[in-house]
1. How many residues does segment 144-157 hold that are closer than 25 Å to ARG400 by Cα and either open to solvent by 30 Å² or more (accessible area, probe 1.4 Å) or modelled with pLDDT under 85 (or both)?
2. I'd like the residue in segment 246-266 that is of a type outside the set (A, V, I, L, M, F, W, C) and within 12 Å of the ligand (Cβ to nearest atom) and, out of all such residues, is surrounded by the most Cβ atoms within 10 Å (Cβ to Cβ).
3. Pull out all pairs, ordered by first then second residue, where Cβ-Cβ is under 6 Å, the residues are six or more apart or on different chains, the first lies in segment 61-81 and is in contact (Cβ under 8 Å) with a residue 12 or more places away in the chain, and the second is open to solvent by 80 Å² or more (accessible area, probe 1.4 Å) and part of a loop (DSSP other than H, G, I, E, B).
4. Report whether or not PRO340 is at pLDDT 95 or above, in a loop (DSSP other than H, G, I, E, B) and under 17 Å from the mean Cα position of the chain (by Cα).
5. If I go through segment 20-46 residue by residue, how many of them are farther than 17 Å from HIS282 by Cβ, open to solvent by 10 Å² or more (accessible area, probe 1.4 Å) and in contact (Cβ under 8 Å) with a residue 24 or more places away in the chain?
6. If I go through segment 279-316 residue by residue, how many of them are touching a residue at least 40 places away in the same chain (Cβ under 8 Å), within 16 Å of the ligand (Cβ to nearest atom) and closer than 17 Å to SER119 by Cβ?
7. Output the number of the condition that GLN364 fails; it satisfies all remaining conditions of (1) surrounded by 13 or more Cβ atoms within 10 Å (Cβ to Cβ); (2) at pLDDT below 95.
8. Exactly one of these conditions fails for SER184: (1) within 16 Å of PRO394 (Cβ to Cβ); (2) in a loop (DSSP other than H, G, I, E, B). Give me its number.
Amino acid sequence: MPEKVTITDVKVILTQPGNSRLAVVKVMTSEPGLYGLGCATFTQAIFAVQAAVERHIRPFVIGWDVDRIEELWNMMMVHAYWRNGPVMNNAISGIDQALWDIKGKRAGMPLYQLLGGKSREAAYVYVHANGPTPQAVEEQVRAYMEQGFRYIRVQMGGYGGQGDTMVRPDDAPDGAYFDPRAYSRNMLNMIEHVRSAVGPEVELLHDIHERLTPIHAIQFAKDVEQYDLFFLEDALAPEDIAWFRQMRQQTATPIAMGELFNNPHEWRTLISERLIDFIRMHISQMGGITPARNAAIFANLFGIRTAWHGPEDTSPVGHAANLHLDIWAPNFGIQEWYRPSELDYEMFPGLPEVRNGYLYPNEQPGLGIDINEELAAKYPCGDIVETWTQTRLPDGSPTRP
Ligand code: MG
């Protein structure tokens, strides 16, 4: 029997190379020089995740056999008794991803090999186009097409669109106002414009970001069907997922859902009743690679594809984890991609690269990504009060972001 390799220490590296605060967990082992990295980025509550890892998870996992990922994941998930919340899920993900990284390094294989090997050489990615007018969105779509991107999410005025014609009551408080009815009209106009301008071959996506009432979301999904979206994202809030049954009966617009999900109960029925087409959970938010692998296999049995959440508030380590799942999964659909900065590439050696609309893994063992800790320390996380989440309807009522 080879000697057991155990967890000797755990630390959280917080850094903010761009707009988003990132959390990366580093797991050290009894084998000199052997460590793993995992994404634990819940950017809006980053210091809560740091405390969860350092004060609650770290004492529990020290001394654990690094090989026993499945057992440890299941025990971490119930260790605090109350489970399936975003803070603890992200903390657990940090350890889980790091242990998969370590297992790959010990095996001398990239992570996708441990999952079952390649189903493809690279992953399709989609990128975000956004502008103040339909013409401006079209211009950005064309610019991306020139760079080789074939899947492009189109938004106008961010989430919720623009509300420049809305009438607010006197003394209405500050906030991120939007008008859901104007949003529907403006987005349909924009998507019609872009589709007719760029033709049928480029794949267009749109994210409603749960900004409509359920029945208006169904109306929107029906109205947009003629423009042949690759998928419509977050048409409904997690609280309203029962409405997917009605949406499914009324339109063939492909539906993607899941970035806010924490608990398997949230995706199980959507998959088993074939109410959506793409699962797009945030890997660290669901607890790491272990539950993502399980959800992908479960979805595959029902003909549902993956589209893991991958914006800027996923750390580069989390993007690497996404990509290994993409390269392996028989039911991979598409990968959201955030276009990293030069600083990101400097801070995270091994961060995957896009060529001609495809994201390629490297052949390094494990996740194939590292972190320059000295550089990361030069970009500390600040205290932030989020403003984009302070959403209000025209009359000032608070609503979901
Ligand atoms: Mg989204």
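1. Result for segment 144-157: 1.
2. Restricting to residues being of a type outside the set (A, V, I, L, M, F, W, C) and within 12 Å of the ligand (Cβ to nearest atom), the top hit is GLY258.
3. Within 6 Å, the pairs are ASP65/LYS4; MET77/ARG83.
4. So PRO340 fits the description; yes.
5. Result for segment 20-46: 6.
6. Of the residues in that region, 1 qualify.
7. Among (1) surrounded by 13 or more Cβ atoms within 10 Å (Cβ to Cβ); (2) at pLDDT below 95, GLN364 violates only (2).
8. Here SER184 clears every test but (2).
The values are calculated or read from the model by the stated rules, or taken from the named source; none is laboratory data. Remember, it's a predicted structure, so these values are computed and weren't measured experimentally. Heads up, the Cβs are rebuilt from the backbone with ideal geometry, glycines too, and the neighbour counts pull from every protein chain shown. These area figures cover heavy atoms from the full protein model, side chains too; ligands, DNA and RNA do not enter into them. Shrake-Rupley method; radii C 1.70, N 1.55, O 1.52, S 1.80 Å.
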